[in-house]
Every structure is written in structure tokens, then in C-alpha cells.
Amino acid sequence: MAERLIELRDIVKSFGRVAALGGINLHVDKGEVVGLIGDNGAGKSTLIKILAGVVKPTSGEIFVRGQPVTGWSAAKSRAAGIETVFQDRALAVQQSIVTNIFMGRELAGPFGWLRLAQEEREARRLMREIGFTSRVFTPRSIVGQLSGGERQGVAIARAISRQADLIILDEPTTALSLTETEKVFHFVRRVKASGRSIVFIGHNIYHVFDIADRFVVLDRGKVVLETTRAETGSAERLIAFMQRVAHPTAAERAL
Ligand SMILES: Nc1ncnc2c1ncn2[C@@H]1O[C@H](COP(=O)(O)OP(=O)(O)OP(=O)(O)O)[C@@H](O)[C@H]1O
Ligand SMILES: [Mg+2]
């Protein structure tokens, strides 16, 4: 039996009269990569903001490792081991890699220089752990000099350094070339190999297909399809499945 990390049950989120989420069930198990897909406005970001505890659901239940949690918040989400790399405000590009990794919670130590050396060592270890293989960059390199995929790597390393069991990536490859996307996939595979879980958000199925074990498709605030990569076989077939859900034949509708 897979170890259940988190489960959302019947989550509803309304913004005034707009129902952004209309009763979502979602779970993530230990060591799996879940691809959350759907068009613009489907509710993906809202859903992960709820997971991150920064948006409060209008109704619904949240379970962490099988236990119901009340008063869900950003602090409780973090304590549950959930770290989110948000779509826009991910990194301080004028700062170094090490500064970005430890931003807001610098290691405690007696002397500044000692602490810095420690942080650099830890940053180097994290970068190795996720398979950041560039020889050009050191922990002191400025993030603005890194490629898009490498920047995602820094954000992932930061999440790991915060003891994440589940890392949520909101559209990490949307603005990236194929080569850069491959870099992000490489980091994600390393994170998975370490037993952590990932929720990978995208609206391009070709961007998520190769990396996810399981897909959850959102459409206008509802889960319209849930399937595995093994079951689906190819991105083309997943797209065909989705079209079936959106436009069933008369015979299917009658079922
Ligand atoms: N703070 C808010 N106030 C009002 N409506 C909101 C708010 N946040 C989201 N919405 C609405 O909720 C719906 C879902 O938005 P959301 O950002 O979750 O979609 P998304 O799937 O992440 O889209 P995208 O692919 O464009 O990032 C949209 O109709 C959006 O306009
Ligand atoms: Mg979004």
C-alpha cells in the first residue's frame, strides 16, 4: 500500500460568485510525481495555493498522512513538509545561489564567515543531490546568470533544504526550451529517486507527460480525468482521452 502524504477531499473555493474549485479530491503518495494539468483558469494555481495553505478553501477536508487537519494554514502546510515553487515570484535573481537557498532562514552560527562557509557547503551538497552538474557555477554564482532550467533547480534545492517531502512546481517549464525542460525533468527525477513527491503543474501535456507517474486533469474547477502514465502510454493518447471527456460521443453520453 502506497504511503499517503496528503489528501484533499471535496475542496470548494469560491471567489465571490466565481467557483474556482467545485469539489476537488486529490491525493499525493510518497515518491510519486503527479502532473496537474488543465487550461488557463482551470483552477490549478488555486488548488496548489490551498495545498500551500496560502488560500483558505471555502469548504472541504485536508488529511496529512491519514490524519484530518483543522485550521489548515501556510505554517501547517510547511510543517507537513509541503514546499511550493510559485509561478512568478520564485527567486531573487540579483542574489547568489546560496543566498537564494537560505533566504529568510540563514543557518545560525557564532561567526558570520563560519555560517557562510557552512551554507556554501550545504548549497553545494544540495546542488549535487538534485543533479546540478554545471561546472561553471558555484554556490556564489548570481542566479540571474543561470538558465531557466537551472533556476528551477535552485528553487528545488531550496525546497529540499527546507525538509520538503512534497515539492509543488507551478508551471516550471512553460517559458523554457526543450533543453532547459530536460534539465528540470532531470532534477525532478532525482527528487523522486530520493523518495520525495512532486506535483508538477502544466497546461501543455507534452511538458508534463514524460515526467509524471499520474495525471489529474482539471477543467473549470473540477477533476475531469485521473489516469496514470502506464495506463495512458503516450501524450497523444492522453490528449485523446481528454477530448473524449470534453466531447463524448452520443453513445458514451448515454452510458
Ligand atoms: N484571487 C482571486 N479572485 C477572484 N478570482 C480568482 C482569484 N484567483 C483565481 N481566480 C479565478 O479562479 C479561476 C481559476 O484560476 P487559477 O489561477 O487557479 O487557474 P490556473 O489553472 O492556474 O490558470 P493558469 O494556467 O492561467 O495559471 C479563474 O477563473 C480565476 O479568474
Ligand atoms: Mg496558474
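Read the figures in this text as sums done on the coordinates, not as results from a lab. Just so you know, these numbers come straight off a predicted model, no measurement behind them. Neighbour counts run over all protein chains shown; Cβ positions are idealised from the backbone, glycine included.
Descriptive notes on the structure:
- Ranked list, fewest to most other Cβ atoms within 10 Å of each Cβ, for Thr181, Thr227: Thr227, Thr181
- Amide H contacts under 5 Å for Ile24, placed H, 5+ residues apart: Asp10, Ile11, Val12
- Once exposed loop trypsin sites (Lys or Arg not before Pro) are cut out (DSSP; at most 16 other Cβ, 10 Å), longest piece of the chain: 163-219
- Computed over the chain: relative contact order in percent, which uses C-alpha pairs under 8 Å that are six or more apart: 26 percent
- Against the chain, whose longest principal axis comes from its Cα atoms, helix 178-193 is set at around 90 degrees.
- For the stretch 37-137, GluC sites (Glu not before Pro) are listed when DSSP marks them as loop and at most 15 other Cβ atoms sit within 10 Å of their Cβ; the list is Glu106.
- When the listed pairs Lys49/Lys76; Lys13/Lys222; Lys13/Lys192; Lys30/Lys222; Lys30/Lys183 are checked against a 21 Å cut-off, the alpha-carbon distance exceeds it for Lys13/Lys192; Lys30/Lys222; Lys30/Lys183.
- For GluC sites (Glu not before Pro), the sites in the stretch 1-50 that DSSP calls loop and that have at most 13 other Cβ atoms within 10 Å are Glu3.
- Residues Met127, Met242, arranged from fewest to most other Cβ atoms within 10 angstrom of their Cβ, appear as Met242, Met127.
- Going from the residue with the fewest nearby Cβ atoms within 10 Å to the one with the most, Ser77, Ser161, Ser141 rank Ser141, Ser161, Ser77.
- Simple Cβ-charge dipole of the stretch 44-165, Lys/Arg +1 and Asp/Glu -1, about Cα centre, in debye nearest 20: 20 debye
- Modelled this way, with points 7 Å down the Cα-to-C-beta line, the labels at Val12 and Glu236 are 4.2 nm from one another.
- Residues of the stretch 5-49 falling in the label zone of Arg220, defined by backbone nitrogen less than 15 Å from a point 7 Å along Cα to beta-carbon, are 18-23, 39-43.
- Fully extended contour minus Cα-Cα distance, from Thr179 to Gln94, at 0.36 nm per residue: 28.2 nm
- Taken about its Cα centre, the chain carries a charge dipole of about 540 debye when Lys and Arg each add +1 at the Cβ and Asp and Glu each add -1 at the Cβ.
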